Amino acid sequence: MARALPEQIARAIADAESVEPDELDVCLEDHVPTDAIRDLVAHDSDSWRLQFETPDHVVEVTGNDRILVDGERVGTFS
């Protein structure tokens with residue numbers, strides 16, 4: 001994995017807002033435990049899905065390497 005998944009999720013949210021990740025008004029850890037994200041990625045199965053809300057977005061990360069923001073596929077990870 002080139003970048004850790006929490007950083008990739010932050011990048012996906014930033015891309016949805018057309019800003020850089022360091023310009024986001026939201027901290028990912030305020031909305032979902034990043035350790036839980038890392039644990040899911042380490043899971044042997046790909047049949048998981050994590051969905052959480054930030055003040056402006058609904059973010060979904062799936063075990064088949066998709067990152068969606070407000071229902072739109074914004075990125076992938078692997």
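The numbers here are math on the coordinates, done by the rules we state, and not lab data. Note that the coordinates shown come from a computational prediction; the quantities given were computed from them, not determined experimentally. Every residue, glycine as well, gets a Cβ built from its backbone with ideal geometry; the counts of neighbours run over all protein chains shown.
Note down all Cβ pairs under 8 Å where the first residue falls in segment 1-30 and is within 16 Å of Val58 (Cβ to Cβ), the second is part of a helix (DSSP H, G or I) and among the hydroxyl-bearing types (Ser, Thr, Tyr), and they're at least six residues apart or on different chains.
These pairs meet every condition: Leu28/Thr34.
Considering only residues that are free of Cβ contacts under 8 Å to residues at least 12 places away in the same chain and surrounded by 10 or more Cβ atoms within 10 Å (Cβ to Cβ), which ones fall in segment 36-46?
Asp39
Within segment 59-75, restricting attention to residues that are buried (at least 17 other Cβ atoms within 10 Å of the Cβ) and touching a His at 6+ places or on another chain (Cβ under 9 Å), which residue is nearest to Leu40 (Cα to Cα)?
Among those that are buried (at least 17 other Cβ atoms within 10 Å of the Cβ) and touching a His at 6+ places or on another chain (Cβ under 9 Å), it is Val59.
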